[in-house]
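Novice: Got a structure for you, questions after.
The values are calculated or read from the model by the stated rules, or taken from the named source; none is laboratory data. It should be emphasised that the depicted structure is a prediction, and the values quoted were computed from it without experimental measurement. With ideal geometry, Cβ positions are generated from the backbone for all residues, glycine too; neighbour counts draw on all protein chains shown.
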Ligand code: TGC
Ligand code: FAD
């Protein structure tokens with residue numbers, strides 16, 4: 001894509017190297033197989049070892065836990081490049097890294113970190129994150145899943161819905177209440193009796209990612225799998241979302257760039273009324289508007305990444321960036337779909353796959369409305385959630 005504002009000059013050599021590696025992986029390994037997986041609604045498990053080899057799982061964590069101390073900007077670039085391939089792939093990496101490795105790193109004991117993180121960074125263990133429930137989505141404080149103390153551990157009862165990776169995961173980070181209000185986190189292994197998962201079928205979005213339900217029926221979780229740092233309560237769970245939402249802000253713009261690139265090359269190549277579509281003023285206005293929003297979001301994401309690297313970003317910064325990127329990426333994908341005419345609805349041309357995926361990305365990790373309310377609360381000091 002054109003780099004009119006020379007944003008590349010703001011990246012360091014290491015960031016460019018990791019971006020390049022992921023770009024090549026997406027071109028060589030993802031794009032040739034993704035249509036098939038999207039059509040069959042199957043998870044591309046054959047990519048796992050290559051993703052692990054790239055060293056991108058938990059990449060911002062210290063080396064002793066399988067990470068590479070990479071910058072948040074490098075992680076953002078990885079999310080962007082992956083989502084040029086498919087949002088489902090970026091989802092997999094977000095969930096594994098930000099929603100599952102991060103809480104074990106931030107809230108886990110040393111024993112838990114040593115036991116789980118290296119295996120997760122090499123994809124030997126896959127994880128999922130259970131916060132949402134059938135009757136508790138935007139308002140996770142209303143969750144019903146309960147953890148009751150018993151000898152040597154906890155008994156968990158409840159269910160979690162719309163959980164990415166649930167059916168392929170070896171372990172789940174499950175959030176549950178220990179009384180009427182206090183939320184805590186647990187590492188639940190799939191082998192624990194009382195833990196089961198079911199796949200959600202017939203999704204029209206994120207079809208190359210698996211989504212499921214987790215059922216917990218008197219599921220015994222030993223004390224050693226309780227996350228001690230989750231005593232912060234719901235904010236511990238929300239802290240993981242902050243990390244993942246940051247990656248999504250970059251990722252959504254990756255999907256947007258893929259749609260823009262497709263629209264630009266298509267409108268230059270296709271003739272109507274004796275001229276390339278790209279030569280018409282209305283088409284150029286569309287392309288200029290799409291490109292403008294990509295450049296704006298990219299520079300915002302980059303500044304956010306730099307703030308995160310200095311530990312100076314708040315969750316409000318992340319909400320604004322996630323809200324902006326998802327909204328604009330969805331608009332760009334819909335416009336690209338329009339510019340491709342009938343071909344726009346074909347799987348072969350990718351844009352409608354991206355567009356459908358972005359419908360989920362717009363909703364998960366906090367809906368557009370939730371992020372408006374978070375930014376609105378910051379601006380006004382008034383809580384409009386309830
Ligand atoms: P509220 O009073 O706002 O906050 C409670 C405490 O938490 C703190 N906090 C945060 N901390 C870190 N990061 C954040 N993002 C935080 N948001 C809030 C807050 O400061 C407070 O701390 P303290 O110390 O004062 O207690 O609580 P609330 O119940 O009013 O919550 C409101 C709201 C809307 C902000 C929050 O509940 C929310 O974000 N809702 C959206 C739910 C959501 O995003 N769910 C995502 C589920 S996971 C998912 O979708 C994965 S998709 C996977 C994929 O990529 O495939
Ligand atoms: P609801 O909360 O019921 O909201 C419905 C609508 O009402 C939305 O438009 C919302 O913005 C609006 N609304 C709600 N409250 C208000 C209000 N106060 N003011 C104004 N508008 C409001 N969750 C996990 O825990 N782990 C996962 O791995 C995970 N993966 C997912 C994967 C996919 C493909 C999808 C689609 C979802 C996933 N989710 C996951 C769940 C996701 O986080 C929730 O769907 C999301 O938080 C919204 O919750 P909900 O669907 O219950 O919608």
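Novice: Only one residue in 329, 321 is assigned by TED's automatic domain parsing to the domain that holds residue 254, surrounded by 18 or more Cβ atoms within 10 Å (Cβ to Cβ), within 30 Å of residue 70 (Cα to Cα) and away from ligand 2 (no atom under 16 Å from the Cβ), so which one is that?
Specialist: Just one listed residue meets the conditions, 321.
Novice: Let me ask you something else. Please list, ordered by residue number, the strands (runs of 3 or more DSSP E) wholly in the range 102-176 having 1 or more residues that are away from ligand 2 (no atom under 12 Å from the Cβ), under 18 Å from the mean Cα position of the chain (by Cα) and surrounded by 16 or more Cβ atoms within 10 Å (Cβ to Cβ).
Specialist: Qualifying strands (runs of 3 or more DSSP E): none found.
Novice: Among 305, 229, which is over 27 Å from residue 26 (Cβ atoms) and surrounded by 15 or more Cβ atoms within 10 Å (Cβ to Cβ)?
Specialist: Every option except 229 fails the conditions.
Novice: Now for a different question. Take the residues of the range 122-150 that are touching a helix residue (DSSP H, G or I) at 6+ places or on another chain (Cβ under 7 Å) and farther than 22 Å from residue 200 by Cα: which is farthest from ligand 1 (Cβ to nearest atom)?
Specialist: Within the range 122-150, the match that is farthest from ligand 1 (Cβ to nearest atom) is 122.
Novice: With the requirement that a residue be closer than 15 Å to residue 206 by Cα and either away from ligand 2 (no atom under 16 Å from the Cβ) or touching a strand residue (DSSP E or B) at 6+ places or on another chain (Cβ under 6 Å) (or both), what does the range 83-101 give you?
Specialist: Once the filter is applied, which keeps residues that are closer than 15 Å to residue 206 by Cα and either away from ligand 2 (no atom under 16 Å from the Cβ) or touching a strand residue (DSSP E or B) at 6+ places or on another chain (Cβ under 6 Å) (or both), the range 83-101 yields 84, 85, 91, 95.
Novice: Sticking with this structure for a sec: Identify all residues within the range 352-386 that are more than 10 Å from ligand 2 (Cβ to nearest atom) and under 23 Å from residue 91 (Cβ atoms); write none if there are none.
Specialist: Across the range 352-386, the qualifying residues are 352, 353, 354, 355, 356, 358, 374.
Novice: Here's something else I'd like to know. If I filter the range 190-203 down to residues being away from ligand 1 (no atom under 16 Å from the Cβ) and within 27 Å of residue 248 (Cβ to Cβ), which single residue comes out as surrounded by the fewest Cβ atoms within 10 Å (Cβ to Cβ)?
Specialist: Among them, the one singled out is 202.
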